[in-house]
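The values are calculated or read from the model by the stated rules, or taken from the named source; none is laboratory data. Remember, predicted model here, so these are calculated numbers, not experimental data. When we count neighbours, we look across all protein chains shown, and the Cβ atoms used for this are built from the backbone with ideal geometry, even at glycine. Each accessible area value is taken on the protein alone, full model and side chains, heavy atoms only, with ligands, DNA and RNA left out. Shrake-Rupley method; radii C 1.70, N 1.55, O 1.52, S 1.80 Å.
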Amino acid sequence: QPKEPSWQVNLGDVYLNTKDWADAKAAYDAAVALNPDSGDAKLGLAKLAAAQGQTNQIDAGLNDAIKAAPTNASYYNTIIANILLNASSGKNDYSPDAMKYAKAGTDADPNNGNAWVSYGIALADQHKKDQANDALRKAYTLFKAKNDTADITIVLNYYKQINGTDLPGADHSDTTNRASGPG
């Protein structure tokens, strides 16, 4: 369905994950051309910039996406933060930028547990352990309230990775709180 904008966004995401920048850009451009009012389509160019580490080009696409879909501001910021965290490597550390977008995600929706996880990871990458722990505790509380076992497991695993110990106060013995598998 080449005329369906959401398929073009999905195709762009596939190209983005395989680092086929030219085809990702073409797919995102096609999505915007098909539906200029789609926040998801406009977000594509911000995702492309983030994946390539072009941090100075993220805000234009992200701001356009948020203007098109203001209720998705937290979600969009969190996506950008996660892409930047994944794009970080030994010589390229995008965690300061990821921290900025994750914080914007938590500000836009304080109940977005995924934004809090991203914020915690970015803080930990910036050697701000206490703040990272606070963010992960907030995420844990949000996921626990929803009985979201998969995300609880993710939070607990990150906390243990950062601190070398389990999250205090979390019920680590209750298997109903943890998803199966390695997390």
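Could you check how many residues of segment 11-48 are closer than 12 Å to residue 64 by Cβ and among the small types (Gly, Ala, Ser)?
Taking segment 11-48 first, the residues closer than 12 Å to residue 64 by Cβ are 28, 32, 36-46.
With the extra rule that they be among the small types (Gly, Ala, Ser), the set shrinks to 38-39, 41, 44, 46.
Looking only at that region, the number is 5.
So for segment 140-147 (the condition being of a type in the set (A, V, I, L, M, F, W, C), buried (at least 22 other Cβ atoms within 10 Å of the Cβ) and over 19 Å from residue 88 (Cβ atoms)), does at least one residue qualify?
Our first condition is that a residue be of a type in the set (A, V, I, L, M, F, W, C); within segment 140-147, this holds for 142-143, 145.
Now drop any that are not buried (at least 22 other Cβ atoms within 10 Å of the Cβ), which leaves 143.
From what's left, over 19 Å from residue 88 (Cβ atoms): 143.
Yes: one or more hits.
Can you spot a residue in segment 83-93 that is farther than 23 Å from residue 117 by Cβ, surrounded by 18 or more Cβ atoms within 10 Å (Cβ to Cβ) and more than 13 Å from the chain's Cα centre (by Cα)?
no
Among the residues that make up segment 30-46, is at least one of them among the β-branched types (Val, Ile, Thr) and free of Cβ contacts under 8 Å to residues at least 40 places away in the same chain? Give the steps one after another, and end with the answer.
Looking only at segment 30-46, we keep the residues that are among the β-branched types (Val, Ile, Thr), and these are 32.
This time we only want the ones that are free of Cβ contacts under 8 Å to residues at least 40 places away in the same chain, so: 32.
The answer is yes; a qualifying residue exists.
If a residue counts only when it is polar (S, T, N, Q), which helices (runs of 4 or more DSSP H) contained entirely in segment 20-99 have at least 1 such residues? Full working, then the answer.
Details: elements: 21-34, 39-51, 58-68, 73-87.
Passing ranges, in order: 58-68, 73-87.
On the given criteria, is residue 53 closer than 28 Å to residue 128 by Cα, open to solvent by 30 Å² or more (accessible area, probe 1.4 Å) and small (Gly, Ala, Ser)?
no
Given the residues 104, 122, which is the only one that is surrounded by 18 or more Cβ atoms within 10 Å (Cβ to Cβ), closer than 16 Å to residue 65 by Cβ and at pLDDT 95 or above? Walk me through how you get there before you give the answer.
Details: 122 fails: closer than 16 Å to residue 65 by Cβ.
Exactly one of 104, 122 is surrounded by 18 or more Cβ atoms within 10 Å (Cβ to Cβ), closer than 16 Å to residue 65 by Cβ and at pLDDT 95 or above, namely 104.
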